[in-house]
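Every number in this text was worked out from the coordinates using simple rules, so none of it is lab data. It should be emphasised that the depicted structure is a prediction, and the values quoted were computed from it without experimental measurement. Positions of Cβ are generated from backbone atoms using ideal geometry, with glycine treated the same way; all protein chains shown enter the neighbour counts.
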Amino acid sequence: MAMPSKKPDPRSIDQLAIDTIRTLSMDAVEAAKSGHPGTPMALAPVAYTLWQHFLRFNPDNPRWPNRDRFVLSAGHASMLLYSLLHLAGVKDDHGQPAVSLDDIKRFRQVGSRCPGHPEYGHTAGVETTTGPLGQGCGNSVGMAIAQRFLAKRYNREGFPLFDYRIYALCSDGDMMEGVSSEAASIAGHLSLGNLCWIYDNNNVSIEGHTDLAFREDVAMRFKGYGWNVERVGDANDGERLAESFQNFIDDGEVPFLIIVDSHIGYGAPHKQDTAEAHGEALGEEEVRLAKRFYGWPEDAKFLVPEGVRARFDQAIGARGRKLSQNWYKLAERFGAKFPDLWVEVQRMDSGALSEQWDQDIPAFPVDAKGLATRESSAKVLNAIAPRYPWLLGGAGDLAPSTKTLIKDGGDFESEKSGRNLHFGVREHAMGAILNGLAVSGLRPYGATFLIFSDYMKPPMRLAAMMQLPVIYIFTHDSIGLGEDGPTHQPIGQMTQLRAIPGLITLRPADANEVAEAWRVAIHSKRPTALVLTRQAVPTLERPAHAGASGVRRGAYILADCETGDPEVILIGTGSEVSLCAHAYAELKKQGVRARLVSMPSWELFEAEDQAYRDFVLPPQVRARVSVEAASPIGWDRYVGASGERIAMMSFGASAPYNDLYRHFGFTVERVLAAAKNQIEKHKERSRESAEIVA
Ligand SMILES: Cc1ncc(C[n+]2csc(CCOP(=O)(O)OP(=O)(O)O)c2C)c(N)n1
Ligand SMILES: [Mg+2]
């Protein structure tokens with residue numbers, strides 16, 4: 001492998017290419033009058049060395065499944081990545097440049113492929129969305145787990161179908177965030193020898209010198225996690241950088257941290273090594289002086305000197321094309337020899353489902369005692385898993401409680417690559433790892449108590465933004481968890497999850513709704529949260545109650561009055577549906593025309609057309625009661641300002657759950673009273689408005 005020289009000749013094409021990355025980044029930020037120039041200027045040689053000499057990546061086909069992954073966890077340095085994508089000539093799905101020079105000129109503007117921070121799905125070659133510090137680090141661990149899982153399942157003697165590596169570039173901020181510590185800890189535990197983090201140790205963050213808040217010994221910390229650690233004392237020392245990357249590749253046993261000492265804003269005479277170089281345009285004069293320092297034409301803007309693109313093409317381009325061509329040939333031979341496995345790989349790669357994946361999902365018989373929805377979920381998960389081999393996941397040390405083990409799925413451990421992941425008590429990293437697994441084509445799920453979804457919101461919202469079909473299994477979903485008390489009882493969590501655009505929440509009422517909820521989740525191209533009970537809930541009688549397939553529409557009429565409009569509509573979710581069903585039966589007995597609506601998913605209901613929504617909740621029927629043992633926020637949308645919401649107005653308490661339901665007013669009597677109040681109230685109102693009209 002050609003190593004770059006230690007002190008590149010200032011006129012060498014490699015130095016010219018490095019300085020092109022720097023100047024493109026400076027010019028783009030200057031034009032936008034916003035952005036982060038300092039870190040691309042400092043890290044240009046690091047990224048250049050990696051991309052040109054090591055990264056196995058075909059610019060013509062950035063989706064090549066066996067490509068090395070490059071994650072810019074320090075997403076604010078986005079111009080570093082955009083410059084690389086541009087200069088390496090990376091193509092999008094239509095064979096067009098992933099990033100044109102025009103995109104760079106319109107950095108951070110409407111319609112540009114160069115938004116402020118790298119966005120997955122928006123710019124070809126961007127492996128994951130980064131910007132919230134630490135997330136990319138977490139994602140990279142998921143990617144590394146994915147590679148090992150894929151290698152274990154599909155590689156055969158003489159067929160190393162998946163042998164790629166994962167590189168992540170991290171800043172001081174990444175290192176300070178807790179999620180990267182969680183992720184590094186589990187990466188060390190799992191001996192992920194395919195993972196390399198490059199830590200940009202520039203001693204500067206937004207408020208100034210990192211001494212203000214961060215003096216820990218990062219090298220010692222990572223050694224403690226079981227990583228190999230190397231130091232490169234000068235970010236401009238291409239030879240030493242190359243040596244470290246080679247050591248990572250040669251080692252391959254445990255994750256690898258390369259600590260690189262760099263100078264933020266390298267070459268800017270007044271701003272180098274200062275926080276000002278981090279997040280604002282350098283200013284015209286400073287840019288001019290920095291260009292003079294690089295030996296660059298001072299007035300040139302967005303200049304790509306002749307030979308620079310060709311240089312990328314000769315190195316990363318030629319290498320990547322050759323490797324990927326060879327890989328596709330290998331894949332063809334693999335397909336001939338292992339046709340079933342190859343079908344799987346192709347299905348996975350295209351995001352398709354495995355054949356007959358839902359054939360074994362059971363129908364649950366009516367059962368007054370019933371079972372907890374976490375229990376029925378376990379049965380459904382284990383009916384799906386054998387037919388869906390790239391479905392994998394685990395819990396944050398709560399598998400026995402969340403019921404999320406795949407039987408006979410094997411463990412994913414240091415020496416094992418099974419389907420049951422053990423995240424340990426690391427919910428935040430779990431969320432980020434799930435995203436890394438999902439962008440790698442696997443179908444991941446992660447589980448914990450609903451209350452601890454609080455610990456993983458950042459990666460959940462990124463999953464929604466990236467439209468990743470991650471499945472979250474959140475159990476112990478209300479005061480119904482009982483004795484553990486208010487610290488463990490979720491109140492506002494449903495509201496918070498419903499506020500994440502693009503996340504589908506599902507709170508199924510019984511075992512058959514759970515089966516449908518899983519069907520929705522598996523079919524979904526977006527993240528889905530299954531919200532499940534700890535306590536048993538009855539399995540409702542169907543078809544006396546409507547079939548559970550209505551779950552797909554978010555809300556459906558479970559039981560209705562025989563004729564005409566109902567006088568009142570009861571709307572419940574999850575464990576409160578059976579409560580409403582009892583109230584409905586009682587109302588019916590008393591001759592009241594009631595409708596019972598199960599509403600497991602607001603998002604799916606909102607996606608239905610107005611006609612269906614009006615069919616379920618006719619606008620003329622104003623007497624409405626919602627019942628959900630959680631925050632009332634948002635329910636006025638469905639019951640109206642004059643409807644009644646039976647909800648939690650405070651934190652919960654520690655007691656047996658039946659007592660808590662009574663204590664907090666989740667009783668048949670209360671629902672009955674609310675229904676009758678509503679009927680009276682709206683009768684009165686229609687009388688009043690009739691009088692006004694008369
Ligand atoms: C979770 C999170 N918190 C805060 C920020 C805002 N922010 C962006 S960069 C940064 C720190 C910059 O320092 P460093 O990470 O060392 O990056 P450098 O300037 O050295 O490139 C902060 C606080 C963020 N992007 N993500
Ligand atoms: Mg820094």
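Over all projection directions, the Cα-based convex hull of the stretch 342-412 averages an area of 6.0 nm².
Specify the inter-centroid distance of the stretch 197-211 and the stretch 673-694, based on alpha-carbon positions, in whole Å. Value for the Cα centre distance between the two parts: 65 Å. Separation of the stretch 523-569 and the stretch 160-184, taken as the distance between their Cα centroids, equals 42 angstrom. Computed from the alpha carbon atoms alone, the convex hull of the stretch 598-661 holds 104 Å³ per residue.
With kT/(6 pi eta Rh) evaluated at 37 °C and eta = 0.692 mPa s, and Rh the Kirkwood radius from Cα pairs, the chain diffuses with a coefficient of 120 µm²/s according to Stokes-Einstein.
In units of the rule-of-thumb radius 2.2 N^0.38 Å, the stretch 47-182 shows an alpha carbon radius of gyration of 1.08.
Residues in the stretch 603-610 carry Karplus couplings, in order, of 5, 5, 5, 5, 7, 6, 6, 4 Hz; the curve used is 6.51 cos²θ - 1.76 cosθ + 1.60 with θ = phi - 60°, and Gly or Pro positions show x.
Once you reduce the stretch 362-390 and the stretch 319-360 to the center of their Cα atoms, the two points are 30 Å from each other. According to the Kirkwood relation over distinct C-alpha pairs, the hydrodynamic radius of the stretch 558-670 is 14.7 Å. Using a simple spin-label model with pseudo-atoms 7 Å out from Cα toward Cβ, Arg11 and His209 lie 4.1 nm apart. Within the straight-line cut-off of under 25 Å between alpha carbons, the lysines reachable from Lys223 are Lys416, sequence neighbours fewer than 8 places apart in one chain being disregarded. When the stretch 13-323 is described by a simple charge dipole with +1 on each Lys and Arg Cβ and -1 on each Asp and Glu Cβ, the residue from Pro40, Ile145, Thr210 located farthest towards its positive end is Ile145. By the rule of a C-alpha distance below 29 Å, with chain neighbours fewer than 8 residues away ignored, the lysines paired with Lys589 are Lys369, Lys676, Lys681, Lys683.
The listed peptides 521-533, 156-168, ordered by packing as a protection proxy, come out as 521-533, 156-168 (highest mean of other Cβ atoms within 10 Å first).
In this entry, the stretch 367-539 is assigned a mean projected area of 9.3 nm², taken as a quarter of its C-alpha convex hull surface. Within the shell of other residues whose beta carbon sits under 13 angstrom from the beta carbon of Ala653, the net charge comes to -2, with Lys and Arg scored +1 and Asp and Glu -1. Kirkwood-type hydrodynamic radius, the stretch 13-323: 19.3 Å, calculated from all non-identical alpha-carbon pairs. Amide hydrogen proximity for Ala529: with H placed 1.01 Å from N in the peptide plane, the residues at 5 or more positions away or on another chain lying under 5 Å are Tyr472, Ile504, Thr505, Leu506.
For the peptides 389-402, 676-689, the ranking by mean Cβ contacts within 10 Å, running from highest to lowest, is 389-402, 676-689.
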